[in-house]
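**Q** This is the structure, below, for whatever I ask next.
The values are calculated or read from the model by the stated rules, or taken from the named source; none is laboratory data. For clarity, every value in this text was computed on a predicted model and none was experimentally measured. Here the Cβ is made from the backbone with ideal geometry for all residues, glycine too, and neighbour counts use every protein chain on show. Quick note on the areas: whole protein, heavy atoms, side chains included, nothing else; ligands and nucleic acids left out. Shrake-Rupley method; radii C 1.70, N 1.55, O 1.52, S 1.80 Å.
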Amino acid sequence: MSFRPKTLARGLRAEGGALLPVAVLVVMAVVFVVLVGTADQSITSANGYNILQNVALYGWVALALGLTMIAGEFDLSTPAMFTLGGVVAALVGGSPAVAIGAAVAAGIVVGVVQGLLVARLDISSVAVTLAGYIVLSGVALTVSGNEITTHTNLDFGFEIDRPILEVFSVRSLVVLAGFALIGLLLRYTRIGTELRAVGNDRRAARVAGVPIARRVVLVFVLSAVGAAASGALVSYSLSTAAPNVNLEPLIFGVTAIVLGGVSVYGGKGTALGILIGVIALSLLEEGLVLLAIPDYVANIVTGGLLAVVALIAAPDLLRGGVAALRRDRHEGAAGAPVDATGATSR
Amino acid sequence: MDARRNPGLLVPALADGGAAAAPSRWRVSSAVTLQRGVIGAGLALLLFFALTTDGFFTVANAKAIATAASLVGLVAIGQTLIMLGGSGMSLSLGMTSAVSAMAFVGLLGEGVVIALLGALVLAAVTTGIQGFVVGRWAANAVIVTIAAGLLLEGFGSWAAGHGDLTPTVDRDVYAFLGRPLLGIPFPVYAFAVAALVVQWMLRRTRDGRTLLLVGSSREAARAAALPLTRTAVFAFSIAGVCAALTGIMVAATQHHASLSIQGNYTFDSIAATLVGGTLISGGRGSVTRTLIGALVIAAVTDIALLRGYSSGVQTLVKGLLVLVAVILVRLTARR
Amino acid sequence: ACGSSDDEASTGTAAQGSTSSGSAEASAAALEGKRIAVVSCAGAQNPWCGAFNEDLTHGLEEGGARVTVLEDPQDPAVRAQHFNQALSLRPDLIVFTALDSDSSVPLFRRAEAAGIPVVNYNQRLEGEAAELVTASVIWSDEELGQALARNLVGGLEAAGYREANLLGITGTASLPQTRDLVRGFESVMARYPQYRTISIEDSNYDPNRAAELASQIFAQARARGGIQGVWANVDYIAAAAAGAAEQAGLRPGTRSGDLVVAAGACASAGVNAIRAGTQVGTGTKTPRQTAEAVTETVDRVLAGEDVEKVTVLAPDQVTADNLDEFVELCSY
Amino acid sequence: MTSSPDTTGTQAGSASSVEEGAPAVPLVEVRSASKAYGPTVALREVSLSVGAGEIHGLCGQNGAGKSTLVKVLAGLVQLDSGTVLLDGRPIELSRPLDAQHHGIALVDQELSVVPALTVEENILLGGAGRPFVRRRAADRARARELLERVGLSQLSPDARVESLSMAQRQLVEIARLLGREARLLILDEPTASLSRADSLVVFAALRELAARGHSVLYVSHRLDEVLDLCDRVTVVRDGARVADESATALEPARLIELIMGDLHRHERAANAARSAPDASDAVELVVRVAQPPRIGGVALRIRAGSIVGLAGQVGSGTSELLRALAGLEPGGTASIELPGGRVARPTSSRAAQAAGIDFVSNDRKGEGLFLERSVGENLVATRLDRISRAGIVGRRALREVAGRLSERVHVKTRGLDAGVLELSGGNQQKVFIGRCLERGSDRILLLDEPTRGVDVHGRAEIHDLVREAAGNGTTVIFASGEPDEVLDLADVVVCLHGGDVVAVRRAEEMTASDLLAETTRGRAAATEEPDGR
Ligand SMILES: Nc1ncnc2c1ncn2[C@@H]1O[C@H](COP(=O)(O)OP(=O)(O)OP(=O)(O)O)[C@@H](O)[C@H]1O
Ligand SMILES: Nc1ncnc2c1ncn2[C@@H]1O[C@H](COP(=O)(O)OP(=O)(O)OP(=O)(O)O)[C@@H](O)[C@H]1O
Ligand SMILES: [Mg+2]
Ligand SMILES: [Mg+2]
């Protein structure tokens, strides 16, 4: 990846991204180096591998969540789809192509249904995908019989995690390719423009003739497919799929995309920004591991970070803060007031 | 260029009067018919399954359902207030239940009153802070509450020394909170009283009515100089207190408290609120509806359990109920 | 090791399979300066894990090892990720608790390739995983099930039941240790046909769910003679069921007409309940004994000794009578 | 009344038909169109014809059926009976797509450009083309060409739309429609969100388009604009056509009469009749607002109980000034020096409220009403404090207050429990204003576009309410983009330009053209169209 800084900055700006992701990445990198330094460790390619594996783990989930958010929606069903993707792949078994294909197909079905409900009936996506979350959790438990399902093909899992050039793996390369693809889609195609339009001002986009329903369905399909496919890939690398849903992917994804400069209110964000958010968060996690931080401290750190992120994204705090700064510099309009009593001209 | 070969839209197809943008009065009224039909059919189905389920229609089972509905329902009262106020939902109320329960058990040595007050105040303050952030700065409630859940979990397990807390005092001191009173489990009273009080607050107090207005439109409320921050703190801290009550009663019944007390309360409470028919974007709904939602979910889960369906199927049915409710509410919404 | 006083070491009768007596001095030497990564479940969610991680860390550090603990909320993906991160720390040994055999295979292969020994605890491994791992320390869940059954029968007999309907509540039914426990339980109960388990439900280790389903099954069974006994594989699930019983107007205890409650693996909730008389007994599957056994195994592996693949710890039966002996071990 | 377009007009748009010299077949003709919504009859046998290259006005009261007629042409609403002809041939308009095939384009009341996208992206948004490719060079050329056609050749296609003026945004939208070969452009109240100067920019572009043979159907409540812009005017009342006349021949008073029937009355008289605050015991306030970069610093001394009208184009800062005083612009500083040396600083809407300031936003749906709630609840929304004791709302007090206010503002509603969304726009506006009345004397009432989208009759009623409030000692500051409204309602007119006060005059000393001259200072030359109209 040979992004020149200028191209990178332009890419972020052109799609309405902010400086935030770059700042976040720099801060995280510094924190990482400091953490590692105090932990008396040396940084090796193994750390790079781990970070990229972490990117591979939830990268697509973050990208999928980010896409829906750019289009002005929120897909809460992501963690359940992630789990279900793994369960489906493990249950179907056989050739990995077929198994992953089945997970992707499940994702398409879920995405189409959720997308249609959101777009056609104009229901809040939070409500629809919350119901989707519960339904999909039930489906995952039911089809698996509440058992951990084992893949028959253990070698494939081993292959996709084998280090390539020390730091990469098939799994992380596939996820990075996904980022590149979605990045190109957002930046260089009409669909990308339309997605941002749909997220920024849905009414105007509709009036302009953007096929809103199709675009909304598209993001929900991409979101569900992203989650299902990563769930399937992860299940291969674990050689098993557990049917219980947990919120980990959602928490990671939301934190990463907001750090990556995606607006919670839609219309703004880039694939590159999301990737930066994911990498930044993976750096942090690797740093915490190197420091052997207990789980509860990790919770506090992640929770604190997310709280800060929520505040950064809060519109009124920013407005108020800017206002307070300005108020200090300007103290009203001094001087004699213009007479508007109507008395003088009488 | 010929317009025929260039089918870009000239007319804002759905800009005005379109199906999605504004359902006409006809659509609304037919949707009401549809809603009544679906609810009627649903109730008939429920009745059928109830009648054919061995052991459903017994007093003991009614109590079991009422208890289950009450524990989730109390958390759902809070969820309803948060939703009505336009903040969407809280993803940390289950964790609030657990941490309050731990505080309660931890403080029991100081006496049951102090323990109760301590736990309730802790819950009110922690959720109140979330309400402040959401109300004052319009922070996204989902993200704020996920963050708060993580922080509560972290600090909770730190304070409890990663442990399961067991009361150091005699059981009789606090066990009344879990035992039946006049044959009816204590949580049922707590839920009934809380639902009545909160519903009354919504209808009859200034803060309650303001909450509905803010939920209807935050921008309008700001322009009308309504107290956004106070309203959100009001909704969130009552939610915290209700969630804490659930946690305390669970701890008093099970005689210990750990983070596992949160169970599925967070998502189940949102499900109960949505099944009751409260609008997720706020401004419309009531605690009474949530009460019904909680009872329906508890009854359906009970039937599924008694008929021997797996927990997966029970979850699935719950999810479908939420989905149907959400669709019906949308179809009958005025906007 | 691990701060346990001598009398505990003698009372904690963790029958250690075929342990050869590795002396304390030898272990100190073997652990000294070694780097050990522990990939474990998180204490925040699970008190057992918290106590175990603490005891193990303490024990290993006392021997002079440097310990890094990576905790996760029982999430297979995160656990695998942590295992990889543990590998990149290039430790001398990894202590690991598998979620199941199959998902451990790729991890163990990687560890083998890196030449890092792995000591697994608590999870019985099968197939390739069992071969790849250096050593395992597990409990005999079958014996735990037997202890549970003996406790329950004792309670039922004390309450004077000629016959009884029983409700069983398991943690996660699909786990091997749950199956072992149920097998052990049933092997004993086969001798008491008058006590019938009419329903075994899966709580997924969620106490609220356990309470909910217990109360609903109490209600349903009322018409058919009611439930006289409840058993659960861990104490806090039993406590939830006992609480639900109280709410339904039943009385947990061992007097005539009481609901008899018994559980498998002891914890504070169980100690509390046995003291209060609402639970008849439990069994030891304690974090401290596990940590001690793991520490010893680690020590021996690092000392280059020949270690058995599997060390099976045998649990003790705990009742109101001998509770005092086990209070220390069971309180966490 | 003729049904063929008038060819004697002097407008550039008609020139082409003059040259052809033949009685041209109208581009679009609607014959005896009827439409009912349940019991409501929206259109009764209406006819309309728009010639090629003609700018045609459509006027009528609220609810007269203008929008319905327009939607019929756009294929959004189907007629119960009647026909639509294009180039003299009947056409089927059962879907929006049909209208589009026939080159009929609708520009909605609300602007439909996406703020976060660039000009070029907006122009090409939603159009045909392959979804995955963007042909950069071709797209750029197309965007430039279309921008030129609406007179925006100076604008960079890469500019973000959120940085444009309202007029530019409107023109970008029109450029998009031109890109789709629109023959008939329909604009339904397009200038509701445009200032006068911005309107002039748009008008110039429309005339240019008409000159090139495009037709325009123009719906507006701003009668001066209609007369100014259009070649012909059709007036509908209660769903029926009452006139179709040449705009040049039409007197403003006659047009009002046609629109209102006998409801019309003249307003300035009403204002004159209002007892102006007595000069001798006048209490004065000083209002100061600074809000960089929009408003450098404005300080006004005004008399309590008077009505101050702020006039200015969009971007002149009238809205920002009001919003700053209402505590809704956190970027600004505002203060009000009250009698007795007290200084109120509305740093938030709560602070403004505490200082006795009430605000009626220009965005009724977004920032005004609580659309999910009832009429009654909306009316008492801001006085829950006063009708409650110890935090408990008195039910009797609530009904009483809501009932009284509802009567005061003459809301037409089936009851206080009716949803506010059931009301028509004008009635919604009355509820909105009613909420700010009767809140005690010594208060300051800020109104931004108080009668937007309200018909002449409703407007007069609202003006009366405002005068009455002022008569009771409330100080009123309002902003309006319509010169007539400012002159009708205000005692004192304050003209703003570029965030500065450029003129302060008594209303009766001013004419509409004075006002236009003051508020378009410096820009007037640039925006006034070249033919000097
Ligand atoms: N979708 C609808 N359902 C029922 N009645 C409608 C609908 N749309 C319009 N009407 C009614 O039809 C009549 C004409 O409405 P229309 O919107 O055409 O008026 P208008 O002339 O555009 O008014 P305004 O100047 O306020 O925009 C009104 O009485 C209105 O109540
Ligand atoms: N979709 C609809 N279904 C039923 N009645 C409607 C609908 N739309 C409008 N109406 C009714 O039509 C009447 C006029 O509505 P309309 O929105 O045209 O008002 P308006 O005065 O034109 O508003 P505005 O000035 O904002 O354009 C109202 O009484 C309203 O109740
Ligand atoms: Mg209208
Ligand atoms: Mg209209």
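**Q** Would you check which residues across segment D:96-110 are at the interface with chain B (Cβ under 8 Å from one of its Cβ atoms) and free of Cβ contacts under 8 Å to residues at least 24 places away in the same chain and list them?
**A** D:Pro96, D:Leu97, D:His101
**Q** Any residue in segment D:66-83 that is closer than 15 Å to D:Arg95 by Cα and within 16 Å of ligand 2 (Cβ to nearest atom) sitting within a Cβ distance under 6 Å of a residue that is part of a strand (DSSP E or B) and hydrophobic (A, V, I, L, M, F, W, C)? List the pairs, counting only those 6 or more apart or interchain.
**A** From residues that are closer than 15 Å to D:Arg95 by Cα and within 16 Å of ligand 2 (Cβ to nearest atom), the pairs are D:Thr68/D:Ala42; D:Thr68/D:Leu43; D:Val70/D:Ile186; D:Ala74/D:Leu106.
Conditions tested, residue by residue: (1) open to solvent by less than 10 Å² (accessible area, probe 1.4 Å); (2) in contact (Cβ under 8 Å) with a residue 24 or more places away in the chain.
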position	(1), (2)
B:Leu45	no, no
B:Ala69	yes, yes
B:Gly85	no, yes
B:Val99	no, yes
B:Phe104	yes, yes
B:Val121	no, no
B:Ala124	no, yes
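**Q** Give me the pairs, please: first residue somewhere in segment D:231-244 and farther than 17 Å from D:Asp188 by Cβ and within 13 Å of ligand 1 (Cβ to nearest atom), second residue anywhere and outside any strand (DSSP E or B) and β-branched (Val, Ile, Thr), beta-carbon distance under 8 Å, and either six or more positions apart or on two chains.
**A** From residues that are farther than 17 Å from D:Asp188 by Cβ and within 13 Å of ligand 1 (Cβ to nearest atom), the pairs are D:Arg237/D:Ile259.
**Q** Looking for whichever is among the aliphatic types (A, V, I, L, M) and more than 9 Å from chain A (Cβ to nearest Cβ) here; the options are B:Ala138, B:Ala147, B:Ala124. Which one fits?
**A** Numbers: B:Ala138 fails: more than 9 Å from chain A (Cβ to nearest Cβ); B:Ala147 fails: more than 9 Å from chain A (Cβ to nearest Cβ).
Criteria check complete, one pass: B:Ala124.
**Q** Just a yes or no: is a residue in segment D:93-108 of a type in the set (Lys, Arg) and within 15 Å of ligand 2 (Cβ to nearest atom)?
**A** Among the residues of segment D:93-108, not one is of a type in the set (Lys, Arg) and within 15 Å of ligand 2 (Cβ to nearest atom), which makes the answer no.
**Q** Let me ask you something else. Counting only residues that are within 16 Å of D:Leu185 (Cα to Cα) and out of contact with any Ser or Thr (no Cβ under 8 Å at 6 or more places or on another chain), which one in segment D:39-67 is farthest from ligand 3 (Cβ to nearest atom)?
**A** That would be D:Lys66.
**Q** Oh, and also: Could you tell me whether D:Leu371 is under 17 Å from the mean Cα position of the chain (by Cα) and under 30 Å from D:Ser424 (Cβ atoms)? Can you show your working first?
**A** Working: under 17 Å from the mean Cα position of the chain (by Cα): no; under 30 Å from D:Ser424 (Cβ atoms): yes.
No: the conditions fail for D:Leu371.
**Q** Going through segment A:239-256 one residue at a time, which ones are within 9 Å of chain C (Cβ to nearest Cβ) and open to solvent by 10 Å² or more (accessible area, probe 1.4 Å)?
**A** A:Ala242, A:Asn244, A:Asn246, A:Glu248
**Q** Then there's this: If you check C:Asp316 against the conditions, is it of a type in the set (Asp, Glu) and in contact with a strand residue (DSSP E or B) (Cβ under 6 Å, 6 or more places away or on another chain)?
**A** no
**Q** Criterion first (more than 15 Å from ligand 2 (Cβ to nearest atom), open to solvent by less than 60 Å² (accessible area, probe 1.4 Å) and of a type outside the set (Ser, Thr, Tyr)) does D:Asp464 satisfy it?
**A** Criteria met by D:Asp464.
**Q** Something else now. Do we have B:Val313 as under 23 Å from C:Ala244 (Cβ atoms), modelled with pLDDT of 90 or more and open to solvent by 10 Å² or more (accessible area, probe 1.4 Å) here?
**A** In short, yes.
**Q** Before we move on, is D:Val360 at the interface with chain B (Cβ under 9 Å from one of its Cβ atoms), without any contact (Cβ under 8 Å) to a residue 60 or more places away in the chain and open to solvent by less than 10 Å² (accessible area, probe 1.4 Å)?
**A** no
**Q** Then there is this: Exactly one of (1) surrounded by fewer than 24 Cβ atoms within 10 Å (Cβ to Cβ); (2) at positive phi is unmet by B:Arg218. Its number?
**A** (2)
**Q** Right, next: Give the number of residues within segment D:25-45 that are open to solvent by less than 40 Å² (accessible area, probe 1.4 Å), within 16 Å of ligand 2 (Cβ to nearest atom) and away from chain B (no Cβ under 14 Å).
**A** 1
**Q** Tell me, please, whether a residue that is closer than 17 Å to C:Leu148 by Cα and either at pLDDT below 90 or small (Gly, Ala, Ser) (or both) can be found in segment C:312-319.
**A** Yes, segment C:312-319 contains a residue that is closer than 17 Å to C:Leu148 by Cα and either at pLDDT below 90 or small (Gly, Ala, Ser) (or both).
**Q** Counting only residues that are more than 19 Å from B:Ser260 (Cβ to Cβ), touching a Leu at 6+ places or on another chain (Cβ under 6 Å) and open to solvent by 10 Å² or more (accessible area, probe 1.4 Å), how many does segment C:222-244 have?
**A** Number of matching residues: 1.
**Q** Just checking, how many residues over segment D:365-383 are facing another protein chain (nearest Cβ under 9 Å) and either buried (at least 21 other Cβ atoms within 10 Å of the Cβ) or assigned to a helix (DSSP H, G or I) (or both)? Talk me through it step by step, then tell me what you get.
**A** Taking segment D:365-383 and keeping what is facing another protein chain (nearest Cβ under 9 Å), we get D:365-373, D:377-378, D:380-382.
Filter once more, keeping what is either buried (at least 21 other Cβ atoms within 10 Å of the Cβ) or assigned to a helix (DSSP H, G or I) (or both): D:365-370, D:372-373, D:377-378, D:380-382.
Residues in segment D:365-383 being facing another protein chain (nearest Cβ under 9 Å) and either buried (at least 21 other Cβ atoms within 10 Å of the Cβ) or assigned to a helix (DSSP H, G or I) (or both): 13 in total.
**Q** Would you mind stating whether C:Asp316 is within 20 Å of C:Ala37 (Cα to Cα), in contact (Cβ under 8 Å) with a residue 40 or more places away in the chain and open to solvent by less than 50 Å² (accessible area, probe 1.4 Å)?
**A** No.
**Q** Going through D:Asp231, D:Asp188, D:Asp244 one at a time, which residue ends up being at pLDDT below 90 and either within 16 Å of ligand 4 (Cβ to nearest atom) or more than 14 Å from every other protein chain (Cβ to nearest Cβ) (or both)?
**A** None of the other options fit; the residue is D:Asp188.
**Q** Here is a follow-up. Name the residue, out of D:Gly57, D:Gly63, that is buried (at least 22 other Cβ atoms within 10 Å of the Cβ), within 25 Å of the chain's Cα centre (by Cα) and within 16 Å of ligand 1 (Cβ to nearest atom).
**A** D:Gly57
**Q** Can you give me the ranges of the helices (runs of 4 or more DSSP H) entirely in segment C:24-119 with at least 3 residues that are within 14 Å of chain B (Cβ to nearest Cβ) and in contact (Cβ under 8 Å) with a residue 24 or more places away in the chain?
**A** Per the criteria, C:47-62.
**Q** Let me ask something else. What residue, of A:Gly115, A:Gly72, A:Gly138, A:Gly132, is closer than 30 Å to B:Gln79 by Cβ, touching a helix residue (DSSP H, G or I) at 6+ places or on another chain (Cβ under 8 Å), within 14 Å of another protein chain (Cβ to nearest Cβ) and not in a helix (DSSP H, G or I)? Please lay out each step first, then the result.
**A** On the way: A:Gly115 fails: not in a helix (DSSP H, G or I); A:Gly138 fails: not in a helix (DSSP H, G or I); A:Gly132 fails: not in a helix (DSSP H, G or I).
Residue meeting the stated conditions: A:Gly72.
**Q** Continuing with the same structure: Which helices (runs of 4 or more DSSP H) sit wholly inside segment B:91-166 and have at least 3 residues that are touching a Pro at 6+ places or on another chain (Cβ under 6 Å)?
**A** Numbers: elements: B:93-107, B:112-137, B:141-159.
Ranges flagged: none.
**Q** Next question, about the same structure. Does segment C:320-332 hold any residues that are open to solvent by less than 60 Å² (accessible area, probe 1.4 Å) and out of contact with any Ser or Thr (no Cβ under 8 Å at 6 or more places or on another chain), and which are they?
**A** C:Asn322, C:Leu323, C:Val327
**Q** For residues that are open to solvent by 10 Å² or more (accessible area, probe 1.4 Å) and away from ligand 3 (no atom under 16 Å from the Cβ), scanning just segment D:422-443, find the one that is nearest to the other protein chains (Cβ to nearest Cβ).
**A** Here the residue is D:Cys436.
**Q** Could you please let me know if A:Val126 is part of a helix (DSSP H, G or I), open to solvent by 10 Å² or more (accessible area, probe 1.4 Å) and more than 7 Å from every other protein chain (Cβ to nearest Cβ)?
**A** For A:Val126, the condition - part of a helix (DSSP H, G or I), open to solvent by 10 Å² or more (accessible area, probe 1.4 Å) and more than 7 Å from every other protein chain (Cβ to nearest Cβ) - is not met.
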